[in-house]
Structure formats: C-alpha cells, structure tokens
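Each value in this text was obtained by applying a stated rule to the coordinates, not by laboratory testing. Note that the structure is a prediction, hence the values are computed from the model and not measured. Here the Cβ positions follow ideal geometry from the backbone for every residue, glycine too, while neighbour counts run over all protein chains shown.
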Amino acid sequence: MVKQYSISEGKIIDTAGKRGDILVYISPDETERKHLVEDLKIDDHTLQSSLDPNELGRMEFEPDHVALIIKRPKRYCAKDNFLFRTESIGLFLFTGTLIILLTDDIPLFDGKQFAKVDSLQDLILKLIYRCTWHFEEHIKVISMMSDELEQEINKSASNRQLLNMFTLEKSLVFYLDAISSNRRVIEKLKTSAAKLALSTASLEFLDDLAIENAQCYEMAQVYSQVLSSLMDARASVISNNLNVMMKNLNAIVIAVAVPSFFAGVGGMSEFSGMIHFSNWKVGYPIFVLAMLAIGIATFVIIKKVEGIWKES
C-alpha cells in the first residue's frame, strides 16, 4: 500500500491519491518492491533491511539517493506479554522525493514536531526526533509497569511476575541497542551535513536531536540498571525467605518429633494399660497436654538457640 503526501506551507498534507513528494510504502508487495528496486534503483538488501526489525540503524550514500535506516519502538499490545519490541523504518531521499518504508500502518506525521516542516531533509530529522520521543515515552511506561509488578511480587509468591520483570529488562536491552544505532545515524548526518544541503536551522535542530537522543539513551540505561539491580535484590530476598521458611519447618518437625517419642512410649501396652486401669479419664488428657507442652517447649528452645547463633 502506498500513501502520498506533500509539504505545503510548512505542513504535511495528504495529496488524496495525487502524486506527492513524500511516498510512504506500508509493507510493500512484490510488485511495489520490484518497482523500488528496478525503477528507483534502491538496493534490494537495503530494502529488505528497512523491513527487518532486527536490523541496526545506518546511513548510506548511493549514486542518486541517500538511504537511512532508523529504529523506533513497535506499538505495544496485550499479546506482547510485557515484551517491548523495536522496528525499522527505511528513508530514501532522492532529489525532490522522499520514500518511506514501513512494516505497519502507523501515524507518522502526528504531533507538534510536524507543525512546521521546511524541507524533506527537515522532515527526516523530525522523524528521527519523533522516534526518540517514542522511546522516551515507552521507557516511562516500562518504569510504571515494573513498579506495579514489584508491588504484585511483594503480595504473591508466584513466578509469573518475576518472569514479566525479566521480560521488561530484556525490552530495555533492545531499546538501548536501537537508541545507540540511531545515535550513529545522527552522527553520520552531522558529518554529512554539506552533502545533504542542510540549512542552518536544520543544523541547530540536529544538535538538539543529538542531545535528546543522548538523554534518551541515558534514561534507558539508568532504568535498565535499576531493573537489573532490583531483580538481583528480589532473587536474594526470595532465597532468604526460603531459608527462613525451611528453618521454621525444621523447627516444627523437631518440635513434633520429640513429643511423638514420648507418645510412642506412652502408647506401649504396659504403660497404656496402667493409665487405663487407674483413671483413664484423667490420665489421657494430662498425657496429651504434657505432649503439647513438650512440643512447644522444644520449639521455643530451638528458636532461642537459633537467635543466639545469629548474635554470635
């Protein structure tokens, strides 16, 4: 599918099917790919890379156009199960024409960044800025989701929340890789400003874009480190809680085993017959209470000894 737009009075307008200077190809079919490769001389490998979500961002100069691949966060849905993915966007700048390749139909030109667009080169810079802004927003969402998962982990002993936290940590690693590749594209744009005929205003915006992308990378890095440290701390807490539970279970087992020994002795035929023939209505309750007292006393002694070991 192809959508066509034009720049008119600083705004991006839909040409309603007429020929525009901005062509957006959404998941191009075989016919459209053949047109892009054979008629427009776009390298087939670069075209495939533009639709590959695992491809890193880069910039290449061809004889009649400039090819850029940039990264942006993929739209999140409930089916992703806490995994935030990235996708690639291909930008091919010809003389008077910009071709954009997408895998999904997404709103490209929404937001105040596109309120005033001076040229196709300026549009490319604002598209990169828009991708950086999306990364920042997704990172904030990941932070909020990790906070909610942390609260659920404190209330639940299930492993599902922990696995979701690991998935969020994995998403941040993908984001760091994508933002870093966008940084390399921005650096290449700065060094190739003369070839691209960037205006003074575009150069100033490019500097702001580099700063914004660096801040986005630092934000993702900080959240990734915090989440990683949180996972390590949570694993230590779970291990410690397991040790405490095992100690308490061992104390209970010992406390039950001691009175069980006396109960076994009391259940011998000689001793049982002696209680039965003397006064069993009084003897058995006293015997049961004695067993309970021995069990409780054993448990208390074990906990006191454990406390002495912790203090020493």
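Taking the fewest neighbouring Cβ atoms within 10 Å as the starting point, the ordered list for K140, K188, K126 is K140, K188, K126. Within straight-line reach of K190, meaning a Cα separation under 15 Å, sit the following aspartates and glutamates at least 8 residues removed in sequence or on another chain: E60, D122, E204, D207, D208, E212. Note on D39, D122, D177: ascending count of other Cβ atoms within 10 Å places them as D39, D177, D122, the fewest first. Straight-distance candidates among the lysines for linking to K247, with alpha-carbon spacing under 16 Å and chain neighbours fewer than 8 residues away dropped: K303, K304, K310. For the pair E150 and I252, label points projected 7 Å from Cα toward Cβ lie 3.1 nm apart.
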